[in-house]
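The structure under discussion appears below in the form of structure tokens.
The values are calculated or read from the model by the stated rules, or taken from the named source; none is laboratory data. Note that the structure is predicted; figures quoted are calculated from it, not measured. No Cβ is skipped: glycine too gets one built from the backbone with ideal geometry, and neighbour counts run over all protein chains shown. Please note that ligands, DNA and RNA were not included when accessible areas were found on the heavy atoms of the full protein model with its side chains. Shrake-Rupley method; radii C 1.70, N 1.55, O 1.52, S 1.80 Å.
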Amino acid sequence: MNGSVKATADSSIRGKALMVIAVYAVLFLFCFVMAIYDISASKPGLGIPFAIVAVIFAALSLLKLNSVFGTYIKVRDNVLYMKSWANDFLPYDINGGFLSDLKPAKTKLAEIPADELSVVLVGTKDFIKRNVSEAGKRFIKTLYPYEHSRSKRDLVSSMDMFYVETIDGECSFMCIYGYDPEAVIDVIGELYDINPDLYVRVGSRAYKRYVKKLQSKIQNNEY
């Protein structure tokens, strides 16, 4: 195939997110205008609460934007790009203290030549932990505090993840919860087209039928 292939959140999830962001934006504008009006009218008792609520709606808008549109997986010019949240798994700041859940997490970008990849895994954290090699130590170490957090344990247990290893023993990983399964498999197909020695395992049920389509294409020499 040799082109540009990208996987992001499913279109239905993106559409719902845009609607939610639009509602938050309207509420933010209303609260912002009311805050300015009340403060300028010497009514700080009303204006300040409106200002606080406006800040909350602005934060919710940015958080929703970051959680749905902030990450992607892409193959372009024989390079795999993985844009993920800086904390690897969650769209909000996990170290920000009070109200950190309202602060969008920063993002990071990993760039890996496709011909340097050796393994691609898609599935839950437990599936990936069972299938990683020695290179997966960083994944297990990064995952540890989430698994032992009461508030985050259930979140990371249910999400699908995209995990890769390179021939020199490095690994990269990210959350792909809510991603379009067909698009993710298309990315894997593109990687396989570039690197036929790639070892691929998919453990998520949502991806199974698309894996079968990919296997059929490979058998028919369409990749």
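Each row is one residue, and each column tells you yes or no for (1) modelled with pLDDT of 95 or more; (2) within 17 Å of Thr71 (Cβ to Cβ).
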{"residue": "Glu111", "(1), (2)": "yes, yes"}
{"residue": "Lys137", "(1), (2)": "no, no"}
{"residue": "Tyr144", "(1), (2)": "no, no"}
{"residue": "Ser149", "(1), (2)": "no, no"}
{"residue": "Ser157", "(1), (2)": "no, no"}
{"residue": "Phe162", "(1), (2)": "yes, yes"}
{"residue": "Asp168", "(1), (2)": "no, no"}
{"residue": "Pro181", "(1), (2)": "no, yes"}
{"residue": "Val200", "(1), (2)": "no, no"}
Please verify whether region 178-194 includes one or more residues that are open to solvent by less than 20 Å² (accessible area, probe 1.4 Å), closer than 13 Å to Leu80 by Cα and outside any helix (DSSP H, G or I).
no
Given the condition touching an Asp or Glu at 6+ places or on another chain (Cβ under 6 Å) and at pLDDT 95 or above, answer yes or no: does some residue in region 58-73 qualify?
no
Of the residues in region 125-168, those that are free of Cβ contacts under 8 Å to residues at least 40 places away in the same chain, in contact with a helix residue (DSSP H, G or I) (Cβ under 7 Å, 6 or more places away or on another chain) and open to solvent by 40 Å² or more (accessible area, probe 1.4 Å) come to Lys129, Ile140, Arg153, Ser157
Which of the numbered conditions does Ser157 fail, given that it passes all the others? Conditions: (1) among the polar types (S, T, N, Q); (2) part of a helix (DSSP H, G or I); (3) under 30 Å from Ala58 (Cβ atoms).
(3)
